[in-house]
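Beneath this line is the structure, given in structure tokens, with notes to follow.
Each reported figure results from applying straightforward, stated rules to the coordinates on display, with no laboratory input. Nothing here was measured: the structure is a model prediction, and the numbers come from that model. Reconstructed Cβ throughout: ideal geometry from the backbone, glycine too, with neighbour counts over all protein chains shown.
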Amino acid sequence: MMKKLLYGLAALVLLLLLGLLALTRLVDTERVKRVLVEQTREKTGRTLVIEGDLSWRFFPSLGFTLGRTSLMNPPGFAEGATLSVGGISLDVALRPLLDNRLEVGEAVLDNARLHLITRADGVSNIDDLRALAGGGEPAPVADEPAGGRSGGGEPTAPMSVSLAGVRVNNAEVLLQDEAGGSLTRLNRVNLALDRFAPGESVPLSLSGDLFSDEVQANIRADGLLWLAADGSRLRLDQLALEIGATGRAIPGNKQLRLGGGLDYDIAGRQLAFNHLQLEVGSLALDGSLSLEHAPAIPRLRFSLHTALLDLDQLAGEWGRPQSSAAGATPASSEAAATLPPSVASPEPDLSWLSRIDVQGELAADRMRVQGMEMEQLTLKLALGEGRARFEPIRARLYGGELEGRASLDATRQPAAFSMRHTLGGVAVRPLLSDAAGLDYLEGRGELVLDVSGRGLSSAALLPGLTGSSRLRVDDGAVHGVNIPAMIRRGYAQVKGQPLPAEEAVQKTDFSALTADFTIAGGKVSTDNLNMASPLLRIHGEGQTNLRDQSIDVLLNTAVVGSLKGQDGEELSELKNITLPVRISGTYQQPRYGLDMQQVFDRYLKDKVDREAQRLQERLNEKLGDELGDKLQQRLPGLLDKLGL
């Protein structure tokens with residue numbers, strides 16, 4: 001009995017296999033191909049070209065393999081294929097169909113090529129497919145109840161769809177922008193999606209090489225892909241993207257690492273990056289950003305943070321390298337593309353400010369710029385409509401605080417700019433040393449700088465700069481000069497005495513230094529520089545040239561304290577006499593000196609005045625008041641005749 005049953009089952013299987021084999025022979029694959037071509041033309045107006053063979057599989061799953069197939073461009077575009085595929089393979093499990101489940105095996109696409117074209121009027125060669133996809137559900141058949149009901153009138157449950165995976169081998173994507181005249185190519189694209197089911201997160205890996213006029217890069221990415229059931233949104237979680245890039249727009253070779261979560265609204269063409277982690281060169285950023293690229297001018301919004309923003313190092317990393325020695329061999333002809341030598345422009349091209357809309361906040365725990373160190377930097381920026389605005393700018397530096405704002409207007413030619421910065425409570429000496437290599441002013445300072453100008457080229461920037469500045473430094477010193485010692489040496493020189501030895505400490509202490517400056521024509525000038533100390537009162541005036549960094553300042557110095565000579569005696573003769581100290585040279589090498597001719601003239605005049613006063617007093621004592629009064633009236637003329 002059992003043997004008969006086994007024979008029966010074997011016969012049944014054999015009949016089933018023979019039936020499936022006969023079915024594959026009876027199916028007219030050429031007719032199926034014609035139907036596919038006709039339906040494509042009817043639904044899209046496009047031409048579908050199937051060059052390869054169509055083959056069927058019925059066991060152990062229902063599947064087919066399609067040879068080379070191309071979907072041609074719509075009318076209005078150049079001849080060619082929007083999408084071509086070297087081969088497609090797809091399987092569908094049979095048993096789940098009985099349970100209203102569509103379980104598709106791994107879909108494999110070999111040697112696919114997608115060519116996306118955007119004309120100068122903004123129309124692309126896939127706009128018609130987008131419209132078709134978003135055109136709503138097809139109308140129900142007349143003899144079928146709306147919503148899809150069974151014969152008993154009960155609504156049928158929607159069929160669940162799942163895809164075992166997608167594998168794309170050696171694909172190519174071309175992005176052609178006819179308006180900008182650019183062509184971007186992504187080739188050797190390999191994509192693996194382990195499993196795909198709408199509403200579920202599934203592992204995804206992607207790799208490829210990118211080539212454009214400006215950039216060449218290799219791309220590697222992994223993450224978890226989630227796609228909404230209606231196809232309107234996708235999300236990439238745990239994204240790990242690595243890009244190695246070079247090219248005309250990227251000096252040297254740069255490595256970029258990007259991580260976080262990406263959410264993309266396909267219909268609204270809006271991208272949002274959350275928990276972003278970005279590393280490129282020495283720069284590491286975290287935060288969030290969003291991009292809306294549907295409008296004509298893309299909108300970018302961000303809130304980013306970095307532990308260290310080293311602008312000096314970044315400038316070195318992204319600066320143009322010197323041309324390599326003759327005979328150097330590039331790694332590849334594509335990666336070694338370089339720009340031809342450019343002709344220097346008197347003004348930078350800021351036209352890109354009219355093509356973007358950027359607003360955001362940037363925070364840095366530490367920042368280095370032009371040798372200066374800052375902490376707790378925060379700034380807000382807005383770029384767009386041909387203008388740039390940075391407001392407010394706040395930071396802590398050198399024991400004090402910075403608060404400022406800056407703006408740039410590129411709608412004017414040449415571009416106009418303005419800035420106002422306030423520094424309060426900063427340690428002046430380390431600030432000047434780091435920022436400009438200057439080491440001759442010490443103290444706690446406050447500075448207000450308010451300037452504006454037209455033109456950003458080296459030829460226009462300094463001459464066009466106008467504005468004002470106010471400086472105050474408390475409890476400080478001027479290093480490199482000892483003004484009291486200079487006066488003592490000058491006094492000894494006038495008196496014909498031996499010159500005192502040079503002081504070991506070349507420093508002039510002060511309790512307060514204040515000045516107001518006017519900035520115009522490439523020069524900074526002042527007429528109210530004042531410095532006070534227990535020994536001296538100084539009033540200065542002069543100017544400095546920003547272009548050649550020359551200094552020409554005269555300090556009228558009055559001795560108000562106890563100034564001792566080389567013998568330890570007080571130089572009372574110098575009290576309340578104004579002595580001129582001239583500062584010349586450059587920022588890096590200032591020179592200080594007494595105007596000895598003026599010192600000599602003022603010393604003699606003061607000596608004559610004192611001698612006349614002494615002679616008058618003695619005459620008054622010996623001759624009486626009446627005779628003394630008469631002599632007093634005639635004494636000046638007598639002294640003039642004597643040459644005194």
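List of remarks:
- Derived scalar couplings between HN and Hα for segment 533-541 equal 8, x, 9, 10, 10, 10, 10, x, 7 Hz in order, rounded to whole Hz, by the Karplus curve 6.51 cos²θ - 1.76 cosθ + 1.60 (θ = phi - 60°), x for Gly and Pro.
- For segment 409-417, 3J(HN,Hα) computed residue by residue from phi via the Karplus equation (6.51, -1.76, 1.60; θ = phi - 60°) reads 10, 8, 6, 9, 10, x, 4, 10, 9 Hz, glycine and proline entered as x.
- Cα-derived Rg to Rh of segment 223-298, Kirkwood definition: 1.04
- Segment 401-436: trypsin sites (Lys or Arg not before Pro) in DSSP loop, at most 14 other beta carbons within 10 Å: R412
- For L438, residues with placed amide H under 5 Å, excluding near neighbours: S433
- Whole-Hz ³J(HN,Hα) from phi, Karplus 6.51 cos²θ - 1.76 cosθ + 1.60, for segment 290-301, glycine and proline x: 9, 9, 10, 10, 6, x, 4, 10, x, 10, 10, 10
- Prolate/oblate/rounded label for segment 276-321 (Cα gyration tensor, a/c 1.5): oblate
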